[in-house]
Structures are given as structure tokens and as C-alpha cells.
Amino acid sequence: MANEMQPPAPDTVQCPVCFKDFTAVTVNEHLDVCLLKSVTDGSPSTKVESEPPVKKCRVSAEYVNRSMSSTSSSSMAGTQSAVFSLFQNKGKPAIQSDRSSLFTSKQSPVSAFSKGGKRALPKAEFESASPVRLQSQQQPTTMPKEKTSETEDFSPQQPFALDKPLAEILRPNTLEEYFGQNKVVGQQTLVRSLLDTHEIPSLILWGPPGCGKTTLAHIIASNSKKRGTARFVTLSATSASVNEVREVIKQAQNELRLCKRKTILFIDEIHRFNKSQQDTFLPHVECGTITLIGATTENPSFQVNAALLSRCRVLVLEKLSVEAMGSILKRAVAKLGFRIREQGPASPKDEDQTNGHELNIYIEQEALDTIAYLCDGDARTGLNGLQLAVQAQINLTRTNLSTQDSTSQEIVVTEEHVKEGLQRSHILYDKAGEEHYNCISALHKSMRGSHENASLYWLGRMLEGGEDPLYVARRLVRFASEDVGLADPSALPQAVSAFQACHFIGMPECEVILAQCVVYMARAPKSVEVYKAYANVKACLRNHKGPLPPVPLHLRNAPTRLMKQLGYAKGYKYNPAFSGPVEQEYLPEELRGVDFFTQMASGP
């Protein structure tokens, strides 16, 4: 024992396991053998064997304290400090990792150091630890702050820093921020009460673009996430496949069985699924595995499977009014930190609210009103138009600031800037959808009512929306006989001429030709005498019971001798051969005396 406590020679180092002296060249090779031996037979040295296992960690701690303490002997402290530094910094990474795993199972004295220890140090050990390690432990760890809202990234200097459209960034999360659909989700509506109690039925949201269909679905999702009553899954029919839908339904079944939690499946543009794909939802909506919310811009009566439609409640969302668009734009301005300025120079109050920002952004009230009128009830178009106008002025102002010494600049978005960004009013028209049939019906009824101004308006809506002019011309030909008829026999030649002219020259030159024909039809006298008479004929034929009556013999042609012998054409009176009216029957015997111009049609 006395020999073991003697200081080692200057050119030797002490093994921290068996406490024997070795040269600096051979100590690493000995350490590998010594560690393996301590693991296999548990006896690295006599000194370690003589002490109980629980004292090994305390011995190593005391060993470290002696090596780092200034009160210990200088020779022993210097040697032990050199040993600690040697094995702490010069070992191979792979070998150290293996050694750490070996020491973990046997609780060897160096386990705390080779492991890099995630353990609570006593106060004495903490104070005697390495200064580098102490500094790293005392250094605070800074974690990125979680964003509560994407609008927090905005400032007057960088109002559109995120790479997303403004309509997506400012999408509301509560019904209080949801404007323009009070008839559907107002305070006293049935749907509002269901949403407040989180009893969400299967819904089909039908409305024009930008009216809030997707936003309403996200509000339902946000409320469900807060309460944890349901999980929300979003798919788009434009990109999702039936396999993806089946996978979501399978997950919903497991969620309902294991966690007793429902699944709300939102399908955007659900009309893009064909009838067979929509049949995938039927049994699962029926049994309550999923709550389906579908959004569509097309009439669900035509585009959604009737069986699926009967299992869902249809909510018709209207085009946003100008007042609702004004509220949406004011909310956006408040979220972005901009200020609304009335027409005229800046007031002193506005000048005081600079907040030290580099760019002070103001929006004229007239500019917001212009957006509300020009976006045609489409909130997405309005918000993105606002973003385009503001961003263009910010870029222009920053370019000017780079060439000047000014550190503060005021930006004012005017009505002209908004008009330049939107160019013209957004016209909602779908040549293959319901709006196509709505507009042509309005045109027909306006001409029938002899309202020439309304007729021109609906014609303009169709042509400016991209309608085929030949389609309108064909409808005018039909109108000439159906509604004008014999009251103005020249109306039909007018309509046919208009169709031929449109076919010759096309758009946009033919628009005035159609306008002329539309005004002519609106001003022409109307007569549906022929139209009603033929409708009575069709009703008579459809409602006849039994076989139809044969053609009278005297009205039949007799080109052969046999037909003449059978009585064909017998008794027929050739009208040009008589100078006066000819009394002759032309209807079958069962229909004699019928007047299709005076009797009302019965049946379909």
C-alpha cells in the first residue's frame, strides 16, 4: 500500500482502473486490456476488489476532487490531472463509446466521465468540475418562440414577409370574424346552434368562389381541435385518389374504436369526384364513422350523388355583399397594422402614430371601398388585390429610399393604385356550370318581358364572361318563333341573319349584331299562339289511350291501282279546283271538332 501511494515517475502515467504506472506509449494498450478484464471477471485491481461496489463511484469522485483541488499534494495533483486530461481528450471516439457501454453495466469509477454523464452532480463535484463544462452548463439554451399566429410576422416594414397569399394568411378561426353569411351561421340559426354544441352534421357547402366555404370548414376544425372532440382531415378532390380516401376512412374507424373520437373529413371541390368515387363515402357517412363536409361551386343537385346528398345537409352560401367585404378589408388592415386615412392630407394624430417604423403605411378609405365594389363578392380576390397594391407601393418606396438619405417614408395606397392592380371588375361566369344557365334564362325572360335594358345587360354578362356567341344566336332563333311568333313574322329572318353574321365574323365584332337582334326581340310584339297550339298537340298525342287513329282514306295518296281499289284518295276534294271554301274533314274521326289554339293542353 505504501508503494501504491508513492508519486509515479515523471515519465509515467497511472491507470485510473488498476492504479499501476505505465509509460505514455503503453498506457492506451494496457487500458484496453484492463477494461476488458474488469468486465469479464470483475477484478481490475486488488484495491478496487477490496472496496464494495457502491463505493466505487464515491472513490472516483474523491479522485476527481483531489485532482482538481488546490489543497492536495502538488505532485499527486499534477500527475492525476495529467491522467484525467489524457483520457478525457486523447481517446478514440469509437473506443470511448464502447468503453462507456461497458462501464455502464459494472458501475466502474470512470463511467461518469466516459459517458459524458446526464446525472445531477453534488455541490462539491459541481464546483470542482472542468471550467469548460461548467461554462457550457451555465450557458442558457435559447429555443425559438412558437408562433401563435402567422400575422405576428407582419409589421409596416414587412407586411407580406410570408410566402402565402394574404387571403390564406388572414383566414379567420372563429365565427365572430366570419362575415357575410348571417343567413347560414347567424346567432339564431340552426347550424350555429349545432356548431356551438359541437354536434357537426355532414354538410355540403355550396357557393361561389371566395364566399367562405373553406373558411367555414377551418373554423369547424379549429373548434374541434380546441375541445378535442374530433380529428380533422382535409383532402382535395382535385388531387386525392380513392385509395387515400379509403386510408383516411380506415384511420377513422380505428380512431373511433380505440379513442372514441370522431373524424371530420373535409373534401374541397367535391364535385370533381365522379359518382362512383362519391359512393365510397356512403356507408361510412351512414354509420357515422366520418362526418363529411364537402365544398363545391357547382350545383350539388347535378354534381353530387343523390344518395350522398340525402345523407348531408346542404348549406347555400351567398356571394358576399359590399358591406361584408368592407368588414373583411377593415379586419385585414387592423391585423396588418396599417391605418385608414380619409381623403385629404395626413392629420397630426396620424403623424404621431409612426411608432418609429421605417415605413408608415396608410390606406385611403376610397381605396377600400373600390376593392369592395370591384371584387364582385369574392373575398379572396379582394384581399389579394389589397396585397398586390400595397406590395407594389412598398417596393417603389424602398427603391426611392435606397437613393435618398431619408430614414422614414410614408406610403399611401390610393384608389388609383387599387384600380391599377385589379384592372377591371371580376366577373363570375362558368360556361359549363349553373351560372351559364342562369344568365341565358335571365336573357330570355327579359326579352319576353320587353325590357330592352335588362336584355342588353344579361347579354353583356354572358359575352364578357366568355360565352360562345353562336350559343346566344341559336337561342335568339328559338325565341323568334317561341315568343314573337306570328305577331312579327320578320323576327325569325332577323334571328337567322344574326346567327349567320356571328358565324361569319365572330367575336368581338359580332357583339353589336347580337345586341341589335336582342333589342329587336325585346321591342317586337309577342305572341305565343303557335307555341301553345303545338304544346296542345303534344299533350294530345301523349295522353291518347289505345292505338292512334288511322289517317282518313280520302287524305291518303294512291299511287298504285291496288291502293285506288282499296279506297285510298277516294272523295278527296282538290282545293284549287274550287272557287270557294271547301267543306272537308282533315282530322281523324275521333278528333273532329278539336281546336288546339283554344283548348288547354292536358297532361305532360
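The values are calculated or read from the model by the stated rules, or taken from the named source; none is laboratory data. Small disclaimer: the values here were computed from a predicted structure and weren't measured. Please note: Cβ atoms are built from the backbone with ideal geometry, for glycine as well, and neighbour counts cover all protein chains shown. Please note that ligands, DNA and RNA were not included when accessible areas were found on the heavy atoms of the full protein model with its side chains. Shrake-Rupley method; radii C 1.70, N 1.55, O 1.52, S 1.80 Å.
Observations, loosely collected:
- Over 31 Å between alpha carbons, listed pairs Lys164/Lys260; Lys226/Lys335; Lys183/Lys526; Lys275/Lys335; Lys319/Lys445; Lys275/Lys538: Lys164/Lys260; Lys183/Lys526; Lys275/Lys335; Lys275/Lys538
- Backbone phi angles across the stretch 413-421, fed through the Karplus curve with coefficients 6.51, -1.76 and 1.60 (θ = phi - 60°), yield HN-Hα couplings of 8, 9, 5, 5, 5, 5, 5, 5, x Hz in residue order; Gly and Pro are listed as x.
- You can think of it this way: the chain between Ser276 and Tyr471 has 67.0 nm of extra reach, that is 0.36 nm per residue less the Cα-Cα gap.
- A simple spin-label model places pseudo-atoms 7 Å from Cα toward Cβ; at Arg523 and Glu318 they are separated by 3.6 nm.
- Within the stretch 540-604, chymotrypsin sites (Phe, Trp or Tyr not before Pro) in DSSP loop having at most 12 other beta-carbon neighbours inside 10 Å: Tyr574, Phe578, Tyr586, Phe597
- Estimated FRET transfer efficiency when R0 is 51 angstrom, pair Arg227-Ala392 (beta carbons, to 0.05): 0.75
- Share of carbon and sulfur in the accessible area of the stretch 218-349 stands at 48%, probe radius 1.4 Å.
- Under-5 Å amide H pairs with Gln599, H placed in peptide plane, nonlocal only: none
- Treating r as the C-beta distance of Leu555 and Arg478 and R0 as 30 Å, the FRET efficiency rounds to 0.45.
- Peptides ranked, highest mean first, by Cβ atoms within 10 Å: ranges 212-223, 304-315, 184-195, 455-466: 212-223, 455-466, 304-315, 184-195
- Net charge in the neighbourhood of Asp279 (other residues with Cβ under 13 Å of its Cβ; Lys, Arg +1, Asp, Glu -1) is +2.
- Scalar couplings 3J(HN,Hα) for the stretch 231-238, obtained by applying the Karplus form with A = 6.51, B = -1.76, C = 1.60 to θ = phi - 60°, are 9, 10, 10, 10, 9, 10, 5, 6 Hz; x denotes Gly and Pro.
- With each label modelled as a point 7 angstrom along the Cα→C-beta vector, the His198-Asn182 pair spans 2.9 nm.
- Here is the size of the stretch 476-531 from its Cα atoms: Rg then Dmax, 11.4, 36 Å.
- Globularity ratio of the stretch 189-288, using Cα Rg and 2.2 N^0.38 Å: 1.08
- In this simple spin-label approximation, Lys419 and Glu590 carry label points 7 Å from Cα along the Cα→Cβ vector, and these lie 7.1 nm apart.
- Extension gain from Lys445 to Lys260, taking 0.36 nm per residue of separation minus the Cα-Cα distance: 61.1 nm
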